[in-house]
Amino acid sequence: MSLDPALRERLASITRSDRVVVFMKGTPDAPQCGFSAQVVAILGRLIPSYGSFDVLSDREVREGIKEFSDWPTIPQLYVDGEFQGGCDIVKELYASGELAQLLGVQAQIVAAPTVTVTDDAADLLRGAVANQGGELHVAIDASFKHSLSLGPRAGHEIVTESNGLTILFDRDSAQRANGLVIGAAESGRTKALSVENPNAPRPAAVNQLSARELQALMESGQEFHLYDVRTPEEQRQARIAGATLIDPRVAAAIEKLPKDALIVFHCHHGGRSQAAAEHFASSGFTNVHNLAGGIEAWSREVDPSVPRY
């Protein structure tokens, strides 16, 4: 099915609304999917500002942009009105330095991290390399989850050595790896690799609030802020009285609240709001809550007049 000309022109206009535009789920301050979060995190490291469009707020745009770009997934990045790719491609462009060049910025020089591989771990890794081939790649994501793999060298990795082993990192992983210790721990009758990273932060604290507890909070008269991270379409179907739908303006207002403000996030079942709560907790907010079970739990346990969907 061909794209409606009016919609095509609207999409083209959005791609030209800023030099850099990302079509994403959510907003840069409150991304609503992990892939969107990865792309905006990369852009945030390279440029101070850029345009974005929340596809969850407009179904026509959400479906139309896939046909417009001939790309089936969200997020999508445009530079100077030209489609560049989705999450995986953006990550590859960033790792190789091509994205910085495309955006006209100087790529940050990343120093090789200091890594320690214990003797037992080195023996395990040498055996794996001898059996499978390739070189050791270590990836550390933004949540400091570590993955080790063997594979060929792409050419843009950050390289370090320890105990006679070459270790390859992507740019972001290298910046999270200084002081990393790769060891070997007993696992039953065998030994398995273990990773200790002194840079890993303590998990952001997000409290789980039941529907009944939210009701009691409302009735207590205590000051708090309740935010809905669903789409406008979902809110039109069902809403909790007093909840504010998050958009870029609201997200910016949240950032200006006192760090000890009592904040509650909710969505349909609790997953999206958990991600939003973790985002703001990671930004330094200390009294952040997620409505466990979302508006579904609210309808079942507190207010059956709220439609379920």
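The values are calculated or read from the model by the stated rules, or taken from the named source; none is laboratory data. Note that the structure is predicted; figures quoted are calculated from it, not measured. Cβ sites come from the backbone with ideal geometry, for glycine too, and all protein chains shown count toward neighbours.
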**OP:** Run Leu124 past the list (1) modelled with pLDDT of 90 or more; (2) under 16 Å from Ala174 (Cα atoms) and report the number of the one that doesn't hold.
**Re:** (2)
Original post:
Picking from Gln208, Gln132, which residue would you name as being in contact with a Leu (Cβ under 6 Å, 6 or more places away or on another chain) and either assigned by TED's automatic domain parsing to the domain that holds Leu262 or loosely packed, with under 15 Cβ neighbours inside 10 Å (or both)?
Top reply: Gln132
Subject >> Residues located in the stretch 98-119, provided they are surrounded by fewer than 16 Cβ atoms within 10 Å (Cβ to Cβ), not β-branched (Val, Ile, Thr) and not in a loop (DSSP other than H, G, I, E, B) >> reply: Glu98, Gln101, Asp119
Original post:
In this structure, is Val138 under 22 Å from the mean Cα position of the chain (by Cα), free of Cβ contacts under 8 Å to residues at least 60 places away in the same chain and either closer than 30 Å to Val302 by Cα or surrounded by 14 or more Cβ atoms within 10 Å (Cβ to Cβ) (or both)?
Top reply: yes
Original post:
Is one or more of the residues making up the stretch 212-225 outside the structural domain of Gln32 (by TED's automatic domain parsing), out of contact with any Leu (no Cβ under 6 Å at 6 or more places or on another chain) and aromatic (Phe, Trp, Tyr)?
Top reply: no
**OP:** Look at the stretch 274-296 and say how many of its residues are part of a helix (DSSP H, G or I), buried (at least 19 other Cβ atoms within 10 Å of the Cβ) and touching a strand residue (DSSP E or B) at 6+ places or on another chain (Cβ under 9 Å).
**Re:** 9
Original post:
From the set of residues in the stretch 226-244 that are surrounded by fewer than 16 Cβ atoms within 10 Å (Cβ to Cβ) and touching a residue at least 12 places away in the same chain (Cβ under 8 Å), which is nearest to Gln274 (Cα to Cα)?
Top reply: Thr244
**OP:** Give the number of residues within the stretch 47-78 that are in contact with a strand residue (DSSP E or B) (Cβ under 7 Å, 6 or more places away or on another chain) and more than 23 Å from Glu98 (Cα to Cα).
**Re:** 6
**OP:** Take the stretch 197-246 and flag every residue that is touching a Pro at 6+ places or on another chain (Cβ under 9 Å) and not in a loop (DSSP other than H, G, I, E, B).
**Re:** Gln237, Leu245
Original post:
Of all the residues that make up the stretch 64-90, how many are within 20 Å of Val40 (Cβ to Cβ), touching a helix residue (DSSP H, G or I) at 6+ places or on another chain (Cβ under 7 Å) and in a helix (DSSP H, G or I)?
Top reply: 3
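Quick grid of which residues meet (1) of a type in the set (Lys, Arg); (2) at pLDDT 95 or above; (3) surrounded by fewer than 18 Cβ atoms within 10 Å (Cβ to Cβ):
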{"site": "Ala142", "(1), (2), (3)": "no, no, yes"}
{"site": "Thr160", "(1), (2), (3)": "no, yes, no"}
{"site": "Leu168", "(1), (2), (3)": "no, yes, no"}
{"site": "Lys191", "(1), (2), (3)": "yes, no, yes"}
{"site": "Asn199", "(1), (2), (3)": "no, no, yes"}
Original post:
Only one residue in Gly97, Gly85, Gly44 is in contact (Cβ under 8 Å) with a residue 24 or more places away in the chain and outside the structural domain of His137 (by TED's automatic domain parsing), so which one is that?
Top reply: Gly97
